[in-house]
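Colleague: Would you mind keeping the following structure in view while I ask a few things?
All of the numbers you see were taken from the coordinates with simple rules; none came from a lab. Computed from a predicted structure; not experimentally measured. A quick note on method: Cβ atoms are made from the backbone with ideal geometry, for glycine too, and the neighbour counts reach across all protein chains shown.
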Amino acid sequence: MPSGRLAALALTTLAAACAAASTSQGGATDAGAGAAADAGQSAMTFFVTSAGPGNGANLGGLAGADAHCQTLARAAGAGNRTWRAYLSASAADGQPAVNARDRIGAGPWHNARGVRVAANVADLHGESNGLGKQGTLTERGDTVTGRGDTPNRHDILTGSNPDGTAFPADTADHTCRNWTSGADGAGSAQVGHHDKQGGGQRPNSWNSAHGSRGCSQANLRGTGGDGLFYCFAMR
């Protein structure tokens, strides 16, 4: 065989080998990235909902909110844990108040990327927690738009004081009738800012920044929210 044809054949063989190696390496990289994402979600014990039920602050009560957390977690591959919504409820109809901080277990809690956001309940409600826009991820591992973004969805339903307790009994509504009302222009829900910035009495608070202007989906969106709430794995 002429030397020219031999050289061309050698070059073709070398190019094919390089392409195969590149494909193999790329596949390994993709598989590694996928495995890392799966590992993060399997370790996930905290998230903010990617979407609410869609009826404003009417979440179906605490039970309905818990069920929503469980459904989203299951879809993300973390349904083997027991999930609870971080929501307080006011004393009503002969039932005592419920504190959000008492519903969520003992910690530690990690987001969908496996990053620890709090070691325990005290850490969660302290200044050194790992929450904020980059730490507070959805069950899918996505960030939620906040102040300065369009749309702003940083108002997160909690019904809680900064320490995670329910408000004392008074004439004000802080939970949209214990998460059963989506009334337009009536009632209010206490919200926090997942990005720890904005307006209100406590603009940097992740769980108790201000009250909403009503309970409907439109009302919540009007103050920079979308009916989202936090979910924690209690075990």
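Colleague: Using amide H atoms built in the peptide plane, which far-off residues or other-chain residues are under 5 Å from PHE46 H to H?
Modeller: Sorted by chain and number, the residues that satisfy this are HIS110, ALA233.
Colleague: Would you mind pulling out the separation of the Cα centroids of segment 173-235 and segment 125-140, in Å?
Modeller: The two parts, judged by their Cα centres, are 17 Å apart.
Colleague: Now, a different point. Label-point separation (nm) for GLU127 and ALA218, each offset 7 Å from Cα along Cα-to-Cβ?
Modeller: Computed distance between label sites GLU127 and ALA218 equals 4.2 nm.
Colleague: Taking the Cα centre of segment 119-235 as the origin, how large is its charge dipole in debye, to the nearest 20, when only Lys and Arg (+1) and Asp and Glu (-1) carry charge on their Cβ atoms?
Modeller: Numbers: 10 positive and 12 negative charges, 27 e Å.
Approximately 120 debye in magnitude.
Colleague: If each of GLN197 and ALA172 carries a label point 7 Å out from its Cα toward its Cβ, how far apart are those two points in nm?
Modeller: Here the modelled spin labels are 2.6 nm apart.
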